[in-house]
Amino acid sequence: MKQKKISHYKTRDYQAFLYIMPWILGFLILQLYPFMASLVYSFSDYNIGAKAEFVGLKNYSKLFTGDNEFWNCLKVTFVYTLYTVPGKLVMALAVAVFLNRDIKGINLIRTFYYIPSLFGGSVAIAILWKLMFLDNGVINAVLNTLHLPTVQFLGDTRYALKTICALEIWQFGSSMVMFLAALKQVPRSLYEAAEIDGASKAKRFFRITIPQITPIIFFNMIMQMIQALQNFTSAFVITEGGPLKSTYVLGMKLYKEGFSYFKMGYASAISWVVFTVILGITLIIFGTSKFWVFYGDEGDF
Amino acid sequence: MKTRNYKARMVRDYLIIFIIGALLLYPIIWMFFATFKDNREILGSIKLLPEHFRFDYYIQGWKGTGKVTYTHFFINTFLLVLPTTILTVVSSALVAYGFARFKFPGKKILFAILIATLMLPNAVIIIPRYTLYNKFNWINTYLPFYIPAVLACYPFFTYMLIQFLRGLPRELDESAYMDGCGTLRTFMQVLLPLMKPALFSAGLFQFLWTYNDYFNALIFINSVKKFPISLALRMSLDAESVVQWGKIMAMAFVAVVPVMLLFFAAQKYFVEGIATSGLKG
């Protein structure tokens, strides 16, 4: 009987391949092939319009020992990630916790707070940021009115990267929306029990709220880390990597080498460094997740 | 006494909410008013409101660069974004259906691959993709945007729709099969109508991301005639030796208006899309 049921469904189930066919093709041609090809390119001096030759580890050795820009790029990218990912998460969580209460108009408030996040890496907003943070821009005008000295947000190596980070952190909306939804899921009974036991507000936050939403923190952390390590638009439009390469992120270096100088082999090596860094950090976060991410129930598929 | 305390706290909360909100939105509001100001008013001044409301900068800015106007850039943008969005939604929905409703050999592995590609950085595939598209003569066309959409290369949406479909009861499919429907008809007539909110969310996000995307447009499009707005804005910033900021801000503002309109018209889908896809991740 059971056997019969399986064979009965078999023909229909094979139709699944028709439905997933676009993705299989897309995966093979536009994801797996480019992924492997860039690894192969990275061992060659491949260049648009010229014949590629195998050069072994030359690209990598040049990158790590001969290119003084590279280590700076790596550092800048790390600093950018270290500022923006926690910055965004803390901001989003703080605002979400504050908004997570019974007040009228919460939907409207949430909508307005989300607006900055609509623009993502848009050029229009990058230009706006540039204009606002000019030496004689509106931010400095405000500082001067408060009798504070002018800050060279874009021209000083100490501030340029932070100014770009601020743009990213400003767009904390989608994490905030996820946190808000997660906070609603935390069972009230937990708080009630804790209150009876006399737990303080801070204790309730760190012992109940945070552990309950760790899966969302985890998800956001990984996705934003991947995005931050590839950042391009804001650095490219606002500061063009300057001053003195203080905002020259790896994404920009990749673009310059690959699409301005057409050193595709060399750029591929950079892209694999980016990939390795992302993979490494992802594995570290995954590895540590069993110590700090709590799943209420195991999802199965 | 207690109610007065409560009221005071309410007032305080709303005040904090309002101040944070005003700070967050100030750049956008400032941008709007900057479109009416000349450089003298924009630079070195903290005044928000312009001396007069004049629309010269919109008119001048709209003329664009060379012979290409913003009418053209807008048409380009929509020619790029709309098909990409629609194709993404269609292909992702089909693939999601395949994954969510059938048990087929190799499903576990294929699903694991799909999840893995969620984390595949664009940076690592962009160069071979470029050479591939170059070989096909697709550079400076919108095919580098359409084809990945046709081939469901946006795993985020596929995953989101799989999750949504898993929430719909399988009895629906079963009874459709009983009634003699094939799988395609079951999908089109039974499941698709129920998937509308999720499809809408996916479409909105894909629209937004493609509309805002600069990196791919920069790499794949190289003639001004085909420029979408993102590239046009960047070009107008570089074009002049003395930048007329009012003009630039006018066009930048025009560029963000469609996004804001769309958001306000469909904000429910935005918020639900984020909340559900993230929560189940």
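Throughout, read-outs are computed from the coordinates displayed, never taken from laboratory work. Everything numeric here is computed off the predicted structure, so don't read it as measured data. Here the Cβ positions follow ideal geometry from the backbone for every residue, glycine too, while neighbour counts run over all protein chains shown.
Over the range B:147-242, Cα pairs under 8 Å with separation of 6+ residues give a relative contact order of 20 percent. Taken about its Cα centre, the range B:60-279 carries a charge dipole of roughly 320 debye when the Cβ of each Lys and Arg holds +1 and the Cβ of each Asp and Glu holds -1. Counting Lys and Arg as +1 and Asp and Glu as -1 over every other residue whose Cβ lies under 15 Å from the Cβ of A:GLY265, the net charge comes to +2. Relative to the longest principal axis of the Cα atoms of chain B, the long axis of helix B:2-34 lies at roughly 70 degrees.
Can you pull the Rg over Rh of the protein assembly as shown, Cα-only, Kirkwood? Kindly include the intermediate steps, with their values, before the conclusion.
On the way: Rg = 25.5 Å, Rh = 26.0 Å.
Taking Rg over the Kirkwood Rh, I get 0.98.
For chain B, what relative contact order do you get, as a whole percent, if you take Cα pairs closer than 8 Å and at least 6 residues apart? Write down the numbers at each step before the final one.
Details: 237 pairs, mean separation 87.0, N = 281.
The value is 31 percent.
Name the shape class, rounded, prolate or oblate, that the alpha-carbon gyration tensor gives for chain B, where a ≥ b ≥ c are the square roots of its eigenvalues, rounded holds for a/c under 1.5, and otherwise prolate holds if a/b is larger than b/c and oblate otherwise.
Numbers: a/c = 2.58, a/b = 1.34, b/c = 1.93.
Note, shape of chain B comes out oblate.
Span-like helix criteria (full DSSP H runs; alpha carbon extent of at least 24 Å along the helix axis; mean Kyte-Doolittle hydropathy of at least 1.0) are satisfied in chain A by A:68-99, A:210-229, A:264-292. Measure nothing but the geometry: give the 0 to 90° angle between the long axis through the Cα atoms of B:245-265 and the longest principal axis through the Cα atoms of chain B, rounded to 10°. Long axis of B:245-265 versus the principal axis of chain B: about 30 degrees.
Cross-link partners of B:LYS63 among aspartates and glutamates, defined as those whose alpha carbon lies under 17 angstrom from its own and excluding same-chain residues fewer than eight positions apart: B:ASP238, B:GLU240.
Which entries in A:LYS88/A:LYS245; B:LYS37/B:LYS247; B:LYS196/B:LYS268 show an alpha-carbon gap greater than 18 Å? Let's see the in-between values first.
Working: A:LYS88/A:LYS245 24 Å; B:LYS37/B:LYS247 9 Å; B:LYS196/B:LYS268 13 Å.
From A:LYS88/A:LYS245; B:LYS37/B:LYS247; B:LYS196/B:LYS268, over 18 Å: A:LYS88/A:LYS245.
Counting each pair of different Cα atoms once, what's the Kirkwood radius of the range A:227-301 in Å, rounded to one decimal? Over the range A:227-301, the inverse of the mean reciprocal pair distance is 14.6 Å. Here the relative contact order of the range A:69-292, from alpha carbon pairs under 8 Å that lie six or more residues apart, stands at 30 percent. Peptide B:99-106 is shielded by partner chain Cβ atoms: per residue, an average of 6 of them sit within 10 Å of its Cβ.
Suppose we take every Cα in the range A:69-292 and form the convex hull; what volume per residue is that in Å³? Intermediate results must be reported in sequence, preceding the final value.
Numbers: hull volume 33.9 nm³, N = 224.
Cα convex hull per residue, to the nearest whole number: 151 Å³.
Taking 30 Å as the limit for the C-alpha separation, the pairs A:LYS51/B:LYS107; A:LYS162/B:LYS7; A:LYS104/A:LYS203; B:LYS135/B:LYS226 exceed it in the case of A:LYS51/B:LYS107; A:LYS162/B:LYS7.
Taking each pair of distinct Cα atoms in the range B:210-281 once, what is the resulting Kirkwood hydrodynamic radius in Å? Numbers along the way, then the final one.
On the way: mean 1/r = 0.0688 Å⁻¹.
Across the range B:210-281, the inverse of the average 1/r is 14.5 Å.
When the gyration tensor of the range B:162-281 is built from Cα positions, what are the square roots of 5 times its three eigenvalues, in whole Å, from largest to smallest?
Working: eigenvalues 370, 51, 26 Å².
So the equivalent ellipsoid measures 43, 16, 11 Å along its semi-axes.
With respect to chain B, whose longest principal axis is taken over its alpha-carbon atoms, helix B:267-279 is tilted by about 60°.
Does the range A:29-97 come out rounded, prolate or oblate by the C-alpha gyration tensor, with a ≥ b ≥ c the root eigenvalues, rounded set by a/c under 1.5 and, if not, prolate when a/b is larger than b/c and oblate if not? Note, shape of the range A:29-97 comes out oblate.
Between A:GLU192 and B:LYS47, what FRET efficiency comes out of the Förster formula 1/(1 + (r/R0)^6) with R0 = 45 Å and r the beta carbon distance, rounded to 0.05? Let's see the in-between values first.
On the way: r = 51 Å, r/R0 = 1.14.
Taking R0 as 45 Å, the efficiency between B:LYS47 and A:GLU192 is 0.30.
Rg over Rh for the range A:125-175 works out to 1.01, using Cα positions for both radii and the Kirkwood form for Rh. Take the Cα of B:ASP56, step 7 Å toward its Cβ, do the same at B:ASN222, and the gap between the two points is 3.9 nm. In this label model, A:ARG158 and B:VAL243 are separated by 2.4 nm, measuring between points 7 Å along each Cα→Cβ vector.
Based on the mean of other Cβ atoms within 10 Å per residue, sort peptides A:94-102, B:153-161, A:285-293, B:77-85 so the most packed one is first. Display every interim value, and only then the final one.
Values: A:94-102: 15.7, B:153-161: 24.4, A:285-293: 12.0, B:77-85: 20.0.
Top of the packing list down: B:153-161, B:77-85, A:94-102, A:285-293.
Can you tell which of A:MET252, A:LEU279, A:PHE291 lies farthest toward the positive end of the dipole of the range A:159-301, using +1 and -1 charges on the Cβ of basic and acidic side chains (Lys, Arg; Asp, Glu)? Sorting the options by dipole projection puts first A:MET252. Basic side chains Lys and Arg get +1 at the Cβ, acidic Asp and Glu get -1 at the Cβ, and with that the dipole of the protein assembly as shown about its Cα centre reaches some 920 debye. Divided by 2.2 N^0.38 Å, where N counts the residues, the Cα radius of gyration of the range B:115-226 comes to 1.37. Shown for the range B:11-110 is the translational diffusion coefficient from the Stokes-Einstein equation, using the Kirkwood radius over Cα pairs, a temperature of 10 °C and a viscosity of 1.306 mPa s: 83 µm²/s. Calculated on the Cα set of the range B:2-59, radius of gyration then Dmax: 17.7, 58 Å. In whole angstrom, note down how far apart the Cα centers of the range A:247-293 and the range B:23-51 are. Result: 38 Å between the Cα centres.
If you run the Gaussian network model on chain A, springs between alpha carbon atoms under 10 Å, then out of A:LEU161, A:LEU28, A:LEU118 the most flexible one is A:LEU28.
Among B:110-118, A:15-23, B:226-234, sorting by the average number of other beta carbon atoms lying within 10 angstrom of each residue, highest first, gives B:226-234, A:15-23, B:110-118. Using a simple spin-label model with pseudo-atoms 7 Å out from Cα toward Cβ, B:ASP38 and A:ASN107 lie 4.7 nm apart.
Of the trypsin sites (Lys or Arg not before Pro) in the range B:57-143, the ones in a loop by DSSP (not H, G, I, E or B) with at most 16 other beta carbons within 10 Å are B:LYS63, B:LYS67, B:LYS103.
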